[in-house]
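Beneath this line is the structure, given in structure tokens, with notes to follow.
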Amino acid sequence: MPATVTLLIEPLPADASVDDLERTFREVDQAEPALRVGELSTQRGDGIFETIGVVDGHAQEVRPHLERLRNSARICDLPEPNLVQWEAAIATALARIPATGEFGIKLVLSRGVEHGPAPTAWLAASPVADQSGPREQGIRAVTLDRGYDRGAAERAPWLLLGAKTLSYAVNMAAIREAKRRGADDAVFVSADGYVMEGPTSSVILRRGGVYSTPAPSGAILHGTTQQSLFEHLAAIGGQVEYRDIPVADLRSADAAWLVSSVRLAAGITALDDRPMPYDAAETAAFNAYLLTPRD
Ligand code: PLP
């Protein structure tokens, strides 16, 4: 069984109902060229994506990821995706990858080729590198200025801030800057001094027994992992809240994590070179929960 699977998808209109969805997928070899040179995803990063974690053949949080894909499409004026078709594509990929181990399934919806007839869509499933280091030992993080304030999304919707667009060059540059400063990852801070998110993760902190994450103001992505963890914490009697978090509250937290679909929960062990309290037991409990099959 191949460890990677790539499906090119003929995107259907959101309301189309097709009996044989398999006919709209075409498997291609990940090593072979499959996109046209005029693709706007490659030329301009003009498209959206999702990355879904797969644990032992089960794709986690598929619906929340697909809802976010739909929301990103709306923000970017892309045609609304047909979620039933995407679900079927995910099921097809799951049937073709090994039934054990961790995988990532990336969904991409691009504006297509300039003046082309339709958007371009594909799915790529690949094995995930070993994540035991960040999950078990934690990560060192630095705060980095995001360059705009918390209200930027409302004031300037053309910045597409709440959408998960393919344009991740800035996010990758932030991780390189974190590494230059001797850390593993970054926490973006708004120009007005509030915690936002990591370049590829959401921030959760615990202070006085309350778990907090930045209010989804439209300037950050609403993380599926954070939402699932909050539902779980609330179900076991934890107190969770969305609020504006001044950076000082993160520095003085009792514990803090960066959470995301593939790496899952990574505890922050140091922030801007100052040690942070690291809760190994709670981090292990978070990851045990995040590794169990969830819909
Ligand atoms: N924020 C950003 C900017 C991200 O890129 C990601 C994930 O890639 C997240 C938050 C966390 O989202 P999720 O938990 O759905 O993976």
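The values are calculated or read from the model by the stated rules, or taken from the named source; none is laboratory data. Just so you know, these numbers come straight off a predicted model, no measurement behind them. Cβ placement follows ideal geometry from the backbone for every residue including glycine, while neighbour counts extend to all protein chains displayed.
Checked against (1) more than 12 Å from the ligand (Cβ to nearest atom); (2) assigned by TED's automatic domain parsing to the domain that holds TYR148, ASP295 passes all but condition (2). Here ARG74 qualifies as assigned to a helix (DSSP H, G or I), under 26 Å from ALA219 (Cα atoms), free of Cβ contacts under 8 Å to residues at least 12 places away in the same chain and assigned by TED's automatic domain parsing to the domain that holds VAL18. Output yes when any residue across segment 250-271 is more than 21 Å from PRO134 (Cα to Cα), assigned by TED's automatic domain parsing to the domain that holds GLY138 and surrounded by fewer than 21 Cβ atoms within 10 Å (Cβ to Cβ), and no when none is. For segment 250-271, residues more than 21 Å from PRO134 (Cα to Cα), assigned by TED's automatic domain parsing to the domain that holds GLY138 and surrounded by fewer than 21 Cβ atoms within 10 Å (Cβ to Cβ): present. Looking for something part of a strand (DSSP E or B) and closer than 30 Å to ALA256 by Cα - is there at least one such residue anywhere in segment 58-67? The answer is yes; a qualifying residue exists. When segment 167-188 is filtered for residues that are crowded, with 19+ Cβ neighbours inside 10 Å and within 15 Å of the ligand (Cβ to nearest atom), the ones remaining, listed by number, are ALA174, ALA178, ASP185, ALA186, VAL187, PHE188. Under the condition of being part of a loop (DSSP other than H, G, I, E, B) and within 11 Å of the ligand (Cβ to nearest atom), which residue from segment 218-241 is farthest from TYR289 (Cα to Cα)? Looking at residues that are part of a loop (DSSP other than H, G, I, E, B) and within 11 Å of the ligand (Cβ to nearest atom), I get ALA219.
Within segment 145-180, the residues that satisfy the criterion of being charged (D, E, K, R) and either in contact (Cβ under 8 Å) with a residue 40 or more places away in the chain or on the phi > 0 side of the Ramachandran plot (or both) are ASP145, ARG146, ASP149, ARG150, GLU154, LYS164.
Could you please give the count of residues in segment 14-39 that are of a type in the set (A, V, I, L, M) and touching a Ser or Thr at 6+ places or on another chain (Cβ under 6 Å)?
Qualifying residue count, segment 14-39: 1.
Selection of segment 251-281 for residues being away from the ligand (no atom under 12 Å from the Cβ), among the charged types (D, E, K, R) and touching a residue at least 40 places away in the same chain (Cβ under 8 Å) yields ASP254, ASP272, ASP273, ASP279.
Scan segment 191-217 for residues that are over 21 Å from ASP279 (Cβ atoms), more than 9 Å from the ligand (Cβ to nearest atom) and buried (at least 18 other Cβ atoms within 10 Å of the Cβ) and report the count.
Residues meeting the conditions: 2.
Of the residues examined, GLN43 is one that is polar (S, T, N, Q) and either under 30 Å from PRO157 (Cβ atoms) or within 16 Å of the ligand (Cβ to nearest atom) (or both). As a summary of the residue check, VAL55 satisfies the conditions (1) crowded, with 19+ Cβ neighbours inside 10 Å; (2) within 23 Å of THR225 (Cα to Cα); (3) among the aliphatic types (A, V, I, L, M) except for the one numbered (1).
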